[in-house]
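Report on the structure given below.
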Amino acid sequence: MDFSEDLEDDGQRLSDSMLESRPSQESPRKPKTAYEKIRDTLLPILYESKTFNIFGIIYIVLVIGDGAFFFFMMVGWHLPYPESVSRWWLNLSIQVLCGLFSYPALINLPWLIAHTVHLSSPSSSPGVDFNGSPTLSIFFHLPPSARSKILTLKFINISTQWINQWSRIKYPTYESSNSYPGNVLCNVFFAASFIAGISGGIYQLLQEKDVRKDNDAAFEDGPLELIEKVRNMRKSGMTLNEIITEIQKT
């Protein structure tokens, strides 16, 4: 039995069903509104351009570097500085980390607004994009209820992060951020933002995994699928180089 042909047939059926739902040429689309023009121009620049990808790599390096520095300062893995100096560096590292976390809170806002508006429109059924056209972008294939939960968690993540950023500006020193009310504002909203962000990300991965399971040939593997594949390859006795080569083929 040729499984590759079955997968191709599944993908073809999904593509055909999308094409059938495409509006006919006899009923032309309405002219785009100013909001739609801005959205369709801004989102590709923010999330698909090479510049954005470069910033993303730099951002990850900075978060890992400053996060590690903050951890070392917090647990005392540093040179024997006077306590006042250690506290200054510890406070600086958390201030920088808070600013880094505010970057995605800003950059993800247009995405959040666009999908929130789209979810309230008649064209929000699974499988169609902002303009009502068939798409293979997997987020659009999630059920509206799932998208609503993800967007709610992302909204909580973004809004609490901005409150956290404000609290770090309001209470900028080690002493003020570790005494009432600075300690409450800085820590509570940091925790709320972190929990909402992690919860939203995990829930989205699980929902997208379910969509891929139902339409295996239509979408590329996500992180959970790749992890599962690597585990199965390791169990089968494949070496690390063989696993990397196999993943690169797909």
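Which ones in the range 160-180 are of a type in the set (Gly, Ala, Ser) and without any contact (Cβ under 8 Å) to a residue 24 or more places away in the chain? SER167, SER176, SER179 - these are the residues of the range 160-180 that are of a type in the set (Gly, Ala, Ser) and without any contact (Cβ under 8 Å) to a residue 24 or more places away in the chain. Residues in the range 181-237 that are in contact (Cβ under 8 Å) with a residue 12 or more places away in the chain, part of a loop (DSSP other than H, G, I, E, B) and farther than 24 Å from ASN108 by Cβ: ASN215, ASP216, ALA217, ALA218. Restricting attention to the range 130-170, the residues that are of a type outside the set (Phe, Trp, Tyr), in a loop (DSSP other than H, G, I, E, B), surrounded by 16 or more Cβ atoms within 10 Å (Cβ to Cβ) and over 18 Å from the mean Cα position of the chain (by Cα) add up to 1.
Looking at (1) surrounded by 14 or more Cβ atoms within 10 Å (Cβ to Cβ); (2) within 18 Å of the chain's Cα centre (by Cα); (3) basic (Lys, Arg), find the lone condition where ARG39 falls short. Going through (1) surrounded by 14 or more Cβ atoms within 10 Å (Cβ to Cβ); (2) within 18 Å of the chain's Cα centre (by Cα); (3) basic (Lys, Arg) one by one, ARG39 breaks only (2). Summed over the range 114-126, residues that are in contact (Cβ under 8 Å) with a residue 40 or more places away in the chain and surrounded by fewer than 18 Cβ atoms within 10 Å (Cβ to Cβ) total 1.
In this structure, ARG168 does satisfy being closer than 22 Å to CYS98 by Cα, basic (Lys, Arg) and modelled with pLDDT of 90 or more.
Among the residues of the range 75-96, those identified as not in a helix (DSSP H, G or I) and not hydroxyl-bearing (Ser, Thr, Tyr) are GLY76, TRP77, HIS78, LEU79, PRO80, PRO82. Residue-level check: of (1) at negative phi; (2) out of contact with any Asp or Glu (no Cβ under 9 Å at 6 or more places or on another chain), HIS118 misses just (2).
The values are calculated or read from the model by the stated rules, or taken from the named source; none is laboratory data. All values reported here derive from a predicted model rather than from experimental measurement. Note that each Cβ is placed from the backbone with ideal geometry, even for glycine, and that neighbours are counted across all protein chains shown.
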